[in-house]
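Here the structure is laid out as structure tokens; the discussion comes afterwards.
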Amino acid sequence: MYQTHGKEFDTYKVGTVANSTSTMHKLAEYPITRECFEMDDYVGDLKPYEGNPICPDTTVDNIWDNLLIDCENLRRCYNETKDVRYWKELVRLLPEGWLQTRTVTMNYENLLAICSKGQRRFHKLTEWRESFINWARTLPYANQLIFIDEQTSQDFSLN
């Protein structure tokens, strides 16, 4: 099983079946922490406002800390009041990296397209370029059916 972002994965719809957990039904169920988000190559000490006299020492860690506090407060308000306005604002503020479970059924032809050099093999998102591609390499017959372009003529000899 492999977890990835739904928005990116939705590019591949032909010949696949996908089911995922619903944000609407699961969002308010558990506390919102960093573990709820994709953080594979996270760099918290980046300073996006460096040189800005108003907040030169603000780091990505600070931004995440504040965002998580705000999202968790909205989640708690919704759970306490059941006022859907809190939930709606939480959905609006939820970062793209929110992890969800998605079950996908596909065939090797789909994986060949996804893992091709022009698609996800060298994608700028590490969760595609490294995690998904590395997972696909563990599948039976992956070298022969998915990563065939990496094979040399010796790999195809009958000896």
Any residue in the stretch 96-109 that's under 25 Å from Ala142 (Cβ atoms): show its pairings with residues that are polar (S, T, N, Q) at Cβ separation under 6 Å, as long as the two are six or more apart or on different chains.
-> Thr101/Thr21; Arg102/Ser20; Thr103/Asn19; Val104/Thr16; Met106/Thr16
Can you give me the number of residues within the stretch 31-54 that are among the hydrophobic types (A, V, I, L, M, F, W, C) and out of contact with any Leu (no Cβ under 8 Å at 6 or more places or on another chain)?
-> 4
Hey, can you tell me all the residues within the stretch 104-125 that are closer than 18 Å to Gln151 by Cβ and among the basic types (Lys, Arg)?
-> Lys117, Arg121
Single residue of the stretch 83-109 satisfying the filter (surrounded by 15 or more Cβ atoms within 10 Å (Cβ to Cβ) and charged (D, E, K, R)) that is farthest from Cys71 (Cα to Cα) | Arg102
List the pairs whose first member sits in the stretch 43-60 and is modelled with pLDDT of 85 or more and β-branched (Val, Ile, Thr), whose second member is outside any loop (DSSP other than H, G, I, E, B) and surrounded by 10 or more Cβ atoms within 10 Å (Cβ to Cβ), and whose Cβ atoms are under 8 Å apart, counting only residues at least 6 apart or on separate chains?
-> Val43/Val60
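Got a number for residues in the stretch 119-151 being assigned to a loop (DSSP other than H, G, I, E, B) and aromatic (Phe, Trp, Tyr)?
Residues that pass the stated criteria total 3.
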Scanning the stretch 10-25 for residues that are of a type outside the set (S, T, N, Q) and surrounded by 13 or more Cβ atoms within 10 Å (Cβ to Cβ), which turns out modelled with the lowest pLDDT?
-> Tyr12
For the stretch 124-134, indicate whether the set of residues that are more than 16 Å from the chain's Cα centre (by Cα) and either among the aromatic types (Phe, Trp, Tyr) or exposed (fewer than 11 other Cβ atoms within 10 Å of the Cβ) (or both) is non-empty.
-> no
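The values are calculated or read from the model by the stated rules, or taken from the named source; none is laboratory data. Please read all numbers here as calculations on a predicted model, not as lab measurements. A quick note on method: Cβ atoms are made from the backbone with ideal geometry, for glycine too, and the neighbour counts reach across all protein chains shown.
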